[in-house]
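The values are calculated or read from the model by the stated rules, or taken from the named source; none is laboratory data. This is a predicted model, so every value here is computed, not measured. All Cβ positions, glycine included, derive from the backbone under ideal geometry; neighbour counts span all protein chains shown. Just the protein is used for accessible areas: all its heavy atoms, side chains included, with ligands, DNA and RNA removed. Shrake-Rupley method; radii C 1.70, N 1.55, O 1.52, S 1.80 Å.
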Amino acid sequence: MRESFGTARATRALATAALIASAGCSAGSSGAASAAGAHSPNTPPATFAAASARPDESLPARPTLPTTGARTPLADLLVLRGPGGSTVVDSATGRTRTSAAGAIPAPDGATLIRAAGGTLSAVDSRDGSTRDLGTATPPLVPAVTTSDGRRVALAEPAAAPAADGYIAPGRQTSRIAVTGGSGSPTVFELAGNYQPEAFSIDGRLLFLIEYLPPAAPNRYRVRQLDLATGTVNGVLGPQKQLLEEEMRGIGRMQLLDERRSVLYTLYRTMGSDRAFVHTLHLDGLWAHCIVLPPEFGRGGADTAIAIGPTGTLYAWDGSHMSVVDAEQLSVRRTVPIGSGGPASSVAVAVGADGTVVTVTGATVTELRPSSLEAMPSWSLPDPAAQIALSADGKSLYAVNPTSPTSPTYIATLDRDSHATLGRFAVPDGNDWISAVLPKT
């Protein structure tokens, strides 16, 4: 039986407001520390309000796949993130259930963290109810949060996009506030250009990306902030060696494996086709980079990653699937899939039974567990920038980006009949599926 791919946090390119700037490893490095962090939203926090529904009929007519014998899908709640903040949408109707401007979702998607009116609060993704998390520190905005949404790091919003040739906006000092769930946050004034990345599982450390040089950054490294002392230190490798390498790279996608407390980032070295997966262990407190084979991502192909039910990481570029052993921190194998050239749009998800679902443009190909044998391909109505599986594993959600004739929309398709079961326009410009919640 097909199941969902579970919850995972993912981010895309800044150009689509879901891309991250990431730290990475130099080509040929086998264990340099690196990580990627989502930038703080550029839009200021605003008052919580439910957004209006975006009915399917607002979209222009498009060709759809055959619907003969199509079933009625079970409805999920899709937690979406983008430049507008976070929105929770009913997958069956496209209606907005909860919306919070400038908010970020917790890793499991069950909670949205927002700062508005001087108050930091947690918004329940299912019913919109709020819980006070203490005092906000304007103009700082939520940047990262723990899985339970009780600890939040806030950072300065970017005043402007990074200038050409630089990886982040320049600043000489950084102000970061951390709340423990109530009262006033602890404010850290740091010399240098820092961005929050993730909390350690024990809550004692906040991992940071440090951009270098601060005023005109073209490289970066991973650091950790001791929340008790306020000191910034380096990070360790798996063998507890101190890692101090400075890196250059562009983040492509980021996923959190909550069961194993590992944050993965797929990135490409600047000016190169080489791709890497960075692992940041939030419990073991170490970092490591896994170099993908030279053929992966060649020719500027788009790339994506997904986590399997046993913790295996799959990296996809439209013609190669690299299988990464999360325990051994190495590439187990790379399998050629299909014969196409570099793809401009790819996506991947993994079912609970281990089936790997890949998308290249508008072509869907499912790979059998373990063997990665390709099953017969089928087509989406339009090319997809991201996919996710429904909570019951029977449906595929495809995010179809904006085109000259249509706004971004999400289509629901049946994985057995390949029928299009429905579609709706993405609300508020939030076009990245951060989590799929069963509707209860």
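Note: relative contact order over region 266-405, using C-alpha pairs below 8 Å and six or more positions apart, is 14 percent. Using the 1.4 Å probe convention, the accessible area of region 338-436 works out to 31 Å² per residue with neighbouring protein chains retained. Among the protein heavy atoms of region 164-260, carbon and sulfur supply 48% of the accessible surface, probe 1.4 Å, non-protein parts ignored. Of interest is the spacing of the C-alpha centroids, which for region 290-358 and region 387-440 amounts to 21 Å. Taking the Cα centre of region 305-440 as reference, the dipole from Cβ charges on Lys and Arg (+1) and Asp and Glu (-1) amounts to some 60 debye. Think of each Lys and Arg Cβ as +1 and each Asp and Glu Cβ as -1; about the Cα centre, that makes the dipole of region 243-387 roughly 200 debye. Taking all protein chains as shown and a probe of 1.4 angstrom, residue 240 keeps an accessible surface of around 110 Å². Taking a probe of 1.4 Å, how large is the accessible area per residue of region 174-331, in Å²? Heavy-atom accessible area per residue stands at 34 Å². Pairs of Cα atoms nearer than 8 Å and 6+ residues apart set the relative contact order; for region 181-231 it is 28 percent. The residues 406, 379, sorted by heavy-atom accessible surface at 1.4 Å with ligands and nucleic acids left out, run 379, 406 from largest to smallest.
Accessible surface for residue 202 stands near 80 Å², nearest 10, in the context of the full protein assembly shown (1.4 Å probe). Compute the label zone of residue 184 within region 123-140: residues whose backbone N is under 14 Å from the point 7 Å along Cα-to-Cβ. 134-138, by backbone N distance to the label point.
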